Amino acid sequence: MAAKILVTGGTGYIGSHTVVELQQSGYDVVVVDDLSNSSIDVLDNIEKISGIKPAFEQLNLADAVKTDEFFSKNTDIAAIIHFAASKAVGESVQIPLHYYRNNLVSLMNILDCQLKYNIPNIVFSSSCTVYGQPEVLPVTEKTPRKDAESPYGNTKRVNEDILNDSIKAYPQLKGIALRYFNPIGAHPTALIGELPLGVPQNLVPFITQTAAGLRDELKVFGDDYDTVDGSAVRDYINVVDLAKAHVVAIARLLENKNKAGYEIFNLGTGNGYSVLEIVKGFEKATGVKLNYQIVERRAGDIEKIWADTTYANEELGWKAEKGLEETLRSAWNWEKRVRGIQ
Ligand code: WQD
């Protein structure tokens, strides 16, 4: 009998790619999502890729009663991957109470149910945003966390502490926090990908929408940073590589290979690329000339960050495989399919 994995936020960008990888690794997947920032149609495209439509329930995990009701009917869940969260950095500054309530209460409701229904394993979707602007690069898992630049980033930091303290208090729990650097790209089938609602905040979806003619030009937020070409540097990781790391983390917990109740792993490539290098890389990978203009820095942005991937590579036996051009091409293929462009 295949182990049953709950993926919260499983119709979202990273969640949907992780559902596919879990299914293709033989797991039985159930998805919950409140559909506030994704479409239920994603389930059909997951089925087109894997041949299996995951079980689905629309659920607001911040609702304790409904969450308990769900878990009471799914006590055979072997492990949880918790993606579901509000995640727009700028929006979180405007409506912090929504972000704290949704992101923190959801995790606490899940942990309550894990204790009540004896579901020990959880993988938590965290973010390199907890490091702020590191003093020393590259970033390791021992790099001190810094005050978050946004309420969104702070919910990631606080949720890590909620998870860590809960595992200390209730040793029957075990969890892994995965700190993502910058996830980009789409599934090679172009059937699932990143579909931001409204104006994209993140770089690559803004690039692909500009290339598709939905946006007049890309604004490059600053070229006066202390970097190779003045534009800010990030560690961009292919979303399928990232999804595969979640399958490894789940197996680590199910096979009791974890070396501590609470573990943290950075998920990056170890390479930093500037915004202008991403623009040039996109043009080279796709042959599409990009309209862009250098403008002022964006408030809250850090200058540069990239991961030291040694610990994840050695301890998880996982490494990001896909290169930048292949990844940018996959993002463009997805955008073209969504917009009906040949
Ligand atoms: C990358 C670089 C921008 C848009 C955030 C969150 C992080 C995670 C990923 C959720 C920066 C520049 C961007 C544009 C630009 N989110 N940029 N023009 O800010 O590194 O990380 O998204 O989990 O937690 O903090 O990602 O893609 O917004 O920006 O010049 O139109 O691209 O200034 O240097 P970021 P991003």
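Dividing the alpha-carbon Rg of region 59-166 by 2.2 N^0.38 Å yields what? Kindly include the intermediate steps, with their values, before the conclusion.
Working: Rg = 15.0 Å, N = 108, 2.2 N^0.38 = 13.0 Å.
Computed over Cα atoms of region 59-166, the ratio equals 1.15.
Of the trypsin sites (Lys or Arg not before Pro) found in region 188-265, those that fall in a DSSP loop while having at most 13 other beta-carbon atoms within 10 Å are Lys257, Lys259. Expressed as a fraction of 2.2 N^0.38 Å, the C-alpha radius of gyration for region 1-140 is 1.10.
Classify region 107-210 as rounded, prolate or oblate, taking a ≥ b ≥ c as the square roots of the eigenvalues of its Cα gyration tensor: rounded when a/c is under 1.5, otherwise prolate if a/b is larger than b/c and oblate if not. In terms of gyration-tensor shape, oblate. Considering only Val30, Val295, Val248, the mean-square fluctuation computed in a Gaussian network model of the chain, springs between alpha carbons under 10 angstrom, is largest for Val295.
As a footprinting exposure proxy, order Phe265, Phe221, Phe282 by other Cβ within 10 Å, with the fewest listed first. Walk me through the numbers before you get to the answer.
Numbers: Phe265 23, Phe221 17, Phe282 27.
Ascending Cβ contact count within 10 Å gives the list Phe221, Phe265, Phe282.
Note on the chain: dipole from Cβ charges, positive end direction compared against Asn182, Thr208, Gln24; the farthest Cα belongs to Gln24.
Summary value for the chain: 19 percent relative contact order, contacts being C-alpha pairs under 8 angstrom separated by 6+ residues.
Residue by residue, region 290-297 carries 3J(HN,Hα) couplings of 10, 6, 8, 9, 7, 10, 4, 4 Hz when phi is fed to the Karplus relation 6.51 cos²θ - 1.76 cosθ + 1.60 (θ = phi - 60°); x denotes Gly or Pro. Which percent of Cα-Cα pairs in region 218-342 sits in each 5 Å bin, short to long? P(r) for region 218-342, in whole percents per bin: 2, 10, 16, 17, 16, 15, 11, 8, 4, 2, 0. Ranked for footprinting exposure by Cβ neighbours inside 10 Å, fewest first, His246, His98 give His98, His246.
Cα convex hull of the chain: mean projected area in nm², to one decimal? If you can, show how the numbers build up before the last one.
Working: hull surface 64.4 nm².
That works out to 16.1 nm².
How big is the Kirkwood radius of region 25-89, worked out from every pair of different alpha carbons and given in Å to one decimal?
Values: mean 1/r = 0.0756 Å⁻¹.
Over region 25-89, the inverse of the mean reciprocal pair distance is 13.2 Å.
Going through region 1-93, which trypsin sites (Lys or Arg not before Pro) have at most 10 other Cβ atoms within 10 Å and a DSSP loop state? Sites meeting the loop and neighbour criteria: Lys73.
The stretch between Ala251 and Glu296 holds 11.7 nm of extra length on full extension. This uses 0.36 nm per residue minus the Cα-Cα distance. Calculated mean residue ellipticity, 222 nm, the chain: -12000 deg cm²/dmol, from DSSP H runs (n ≥ 4) at -39500 (n - 2.57) each, averaged per residue and rounded to 500. Among Ser38, Ser126, Ser16, the residue with the largest mean-square fluctuation in a Gaussian network model of the chain, with springs joining Cα atoms closer than 10 Å, is Ser38.
Every number in this text was worked out from the coordinates using simple rules, so none of it is lab data. As the structure is a computational prediction, the values presented were derived from the model and not from experiment. Every residue, glycine among them, receives a Cβ derived from its backbone with ideal geometry; neighbour counts consider all protein chains shown.
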